[in-house]
Amino acid sequence: MSNYTRVFHGTAFTSRSNKEVEILKDHLFCVNEDGMIKKVIGPEHSEYQPLVEAYQDTSNYHRLAEGQYFLPGFIDLHVHAPQWAQAGTALDIPLYDWLNTYTFPIEAKFEDIDFAKKVYNEVVTTLIANGTTTALYFATVHKEASFLLAQICAEKGQRGLVGKVVMDNPDQTEECYRDHDTKTALVETEDFILAVKELAKSTKQGVYPVVTPRFIPSCTDEALKGLGELAAKYNTHIQSHCSESDWEHGYVKERFDKNDAFALNDFGLLREKSVMAHCNFLTDQDAELFAEKGTAVCHCPISNAYFANSVIPIARLQSKGVEIGLGSDISGGFSPSLFDNVKQAVISSRMLEDGVDSTLPANERGVPNSRITLDEAFYLATAGGGESLSLPIGRLAENYVWDAQIIDTTVETAKLPLYDTAEKLHDIFQKIIYLSRPENIREVWVQGQKVWDRGTY
Ligand code: GUN
Ligand code: FE
């Protein structure tokens, strides 16, 4: 019998496809020393009983208690870590004003490394406690503080993909929050990439540098071109915002006489490991370009309700073969929880399908075939995120990493309404996703290591 570092035993929910959740009842998840799931074994398998007997009295065996379930860790594809400092405020004004009056000034404060340390420690801990095992972060323009964020992810055991933000366009940014000049922005980005790659060597779960032009308005052509070249040179991930709102989409159209997708592609920024936030206004042609390049869309449903002037047609983009994941977009989205964003993704899609103006006849009110189910939204927060990042994460399956949350439905202060002992497991899954609070997230594991235990906090 193989020698496993840990054996987890219990019922798990994981995506079978982008349409359907798979229920693995009372399965064994055998994890090796690298934190990879080497075997998933069901009760009918001949190795099941011998394995249980071999491991059950050892400290490597983790048997879920009654009422507990495994979920894959969530993958948040879009977080502005510094904006945690203003989460939950200033959501009543349009994107352009929100960026200039609130967001850029708060991000400018991250020049102060002590302030950065406080906020970054708290946001990373908060995300882990909400079940987020991997996060794709925008930091700020400051190289030092951006590196500190990567260090904090490394220390706390979260798989952080971190970008030093580039903003060098004097027409769209104030002097107090801008890269010194284009050359400096590119040199500092390259330094940052090398430093994070070095840091990654000392982590089990990995931390990754991300090339991060904030969005087209903030960047000069020269910076966009240089960043595309750096991403190609080091084969890094890339992140930016794309076709988010009427204003932003219109700005790019006026500057380049094309949509964001084609403009970003001209600078080499649409690649396999690129993740573009929002993308509400992608045309079919833009979507086909995304699919061809392997570039992913990050859907940020809570943020979109405030800033995107529209509901993104997720079902249509999926039908074009675009990879899609889910993001909190802290603080355009106020919630640090992907549970909240999964729910909002479902709700927004229903409103898109039915329409919202009750004075219109029903058949003119909405966009047919737009709804997504809870299973589909769960996929976006898990397996879809993993595919978007081209990493073996987001599924509790063989040859994926053991990144998991243990959900306890019996917590005294947040008990889920489970009264029927014969309740169907798919109904339990739905209750978990719709009703779980952070208290229900008992433990969080990343790459086979426990990074959160509610009992110890
Ligand atoms: N576009 C450019 N920067 C931002 C940001 O911080 N949040 C959102 N939602 N959109 C942006
Ligand atoms: Fe954003």
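For GLU398, GLU292, GLU229, give me the order by solvent-accessible area with a 1.4 Å probe, most accessible first, ignoring ligands, DNA and RNA.
Working: GLU398 80, GLU292 140, GLU229 105 Å².
These residues rank, largest area first, as GLU292, GLU229, GLU398.
Check cross-link reach from LYS320 to the lysines: straight Cα distance under 21 Å, and skip same-chain residues fewer than eight apart.
Result set, ordered by chain and number: LYS19, LYS258, LYS273, LYS293.
Using a 1.4 angstrom probe and counting only protein chains, how large is the accessible area of LEU360 in Å², to 10?
Roughly 60 Å² of LEU360 is accessible to a 1.4 Å probe.
Which whole-number value in Å² is the accessible area per residue of the stretch 162-307, probe 1.4 Å?
That works out to 37 Å² for each residue.
Tell me, what is the percent relative contact order of the stretch 121-253, built from C-alpha pairs under 8 Å that lie six or more residues apart?
Relative CO of the stretch 121-253 lands at 23 percent.
Taking the stretch 73-180, which GluC sites (Glu not before Pro) meet the DSSP loop condition and have no more than 14 other C-beta atoms within 10 Å?
GLU174
Quick one: of LYS183/LYS343; LYS109/LYS431; LYS117/LYS183; LYS25/LYS201; LYS343/LYS424; LYS109/LYS183, which pairs are farther than 32 Å apart, Cα to Cα?
Distance filter (> 32 Å) returns LYS183/LYS343; LYS109/LYS431; LYS25/LYS201.
Give the span of the chain's Cα atoms along each principal axis, as three whole-Å numbers ordered largest to smallest.
Computed over the chain, the largest-to-smallest principal extents equal 67, 59, 41 Å.
For LYS415 and GLU122 in one chain, what is 0.36 nm times their gap in residues minus the Cα-Cα distance, to one decimal in nm?
102.8 nm
If you line up the long axis of helix 425-435 against the longest principal axis of the chain, both from Cα atoms, how many degrees apart are they, to the nearest 10?
So the inclination is approximately 40 degrees.
Roughly how much of LYS201 is accessible, in Å² to the nearest 10, using a 1.4 Å probe?
Its accessible surface works out to 150 Å², give or take rounding.
Calculate, in nm to one decimal, what ASP57 and ASN369 gain on full extension: separation in residues at 0.36 nm each, minus their alpha carbon distance. Don't skip to the answer; put the middle values down first.
Values: separation 312, 0.36 × 312 = 112.32 nm, distance 5.18 nm.
That works out to 107.1 nm of additional length.
Counting every Cα pair in the stretch 35-137, what percent are over 25 Å apart?
Across the stretch 35-137, Cα pairs with separations above 25 Å total 48 percent.
Show LYS258, LYS19 ordered by accessible area, largest first, where the area counts protein heavy atoms only and the probe is 1.4 Å. If you can, show how the numbers build up before the last one.
Numbers: LYS258 70, LYS19 115 Å².
My answer, sorted largest first, is LYS19, LYS258.
If ligands, DNA and RNA are left out, what is the accessible area of LYS143 with a 1.4 Å probe, given in Å² to the nearest 10?
70
So if we plug the beta-carbon distance of ASP246 and ASP114 into 1/(1 + (r/R0)^6) with R0 = 35 Å, what FRET efficiency do we get, rounded to 0.05?
Rounded to the nearest 0.05, the efficiency is 0.35.
For the stretch 277-425, report the % of Cα-Cα distances exceeding 22 Å. Spell out each step's value before the answer.
Numbers: 5321 of 11026 pairs.
Percent of Cα pairs beyond 22 Å in the stretch 277-425: 48.
For the chain, calculate the relative contact order in percent as a whole number, restricting contacts to Cα pairs under 8 Å that are 6 or more residues apart. Could you put the intermediate results ahead of the total?
Working: 1015 pairs, mean separation 86.6, N = 457.
Once divided by the residue count of the chain, the mean separation gives 19 percent.
Using the alpha-carbon atoms, what tilt in degrees (0 to 90, nearest 10) does helix 338-354 show relative to the longest principal axis of the chain?
70
Return the whole-Å distance between the Cα centroid of the stretch 294-362 and the Cα centroid of the stretch 87-149.
First find each Cα centre; the distance between them is then 22 Å.
As I understand it, the value is the acute angle between the Cα axis of helix 246-256 and the longest principal axis of the Cα atoms of the chain; what does it come to in degrees, rounded to 10?
Once rounded, the angle reads 60 degrees.
Tell me the label-point distance for the pair ASN100, ASP26, using the 7 Å Cα-to-Cβ offset, in nm and rounded to one decimal.
Rounded to a tenth, the inter-label distance reads 6.4 nm.
When only the heavy atoms of the protein chains count and the probe is 1.4 Å, how do TYR96, TYR69, TYR120, TYR208 rank by accessible area, highest first?
Descending accessible area places them as TYR96, TYR208, TYR69, TYR120.
Taking just the alpha carbons, could you work out the radius of gyration and Dmax for the stretch 119-271, both in angstroms?
Cα radius of gyration and Dmax of the stretch 119-271 are 15.5, 46 Å respectively.
Spin-label point model (7 Å from Cα, Cβ direction): what's the THR283 to GLU198 distance in nm?
4.6
The values are calculated or read from the model by the stated rules, or taken from the named source; none is laboratory data. These numbers were taken from a predicted model, which means no experiment stands behind them. Backbone-built Cβ (ideal geometry, glycine too); neighbour counts: all protein chains shown. For accessibility, only protein heavy atoms count, side chains too; no ligands or nucleic acids. Shrake-Rupley method; radii C 1.70, N 1.55, O 1.52, S 1.80 Å.
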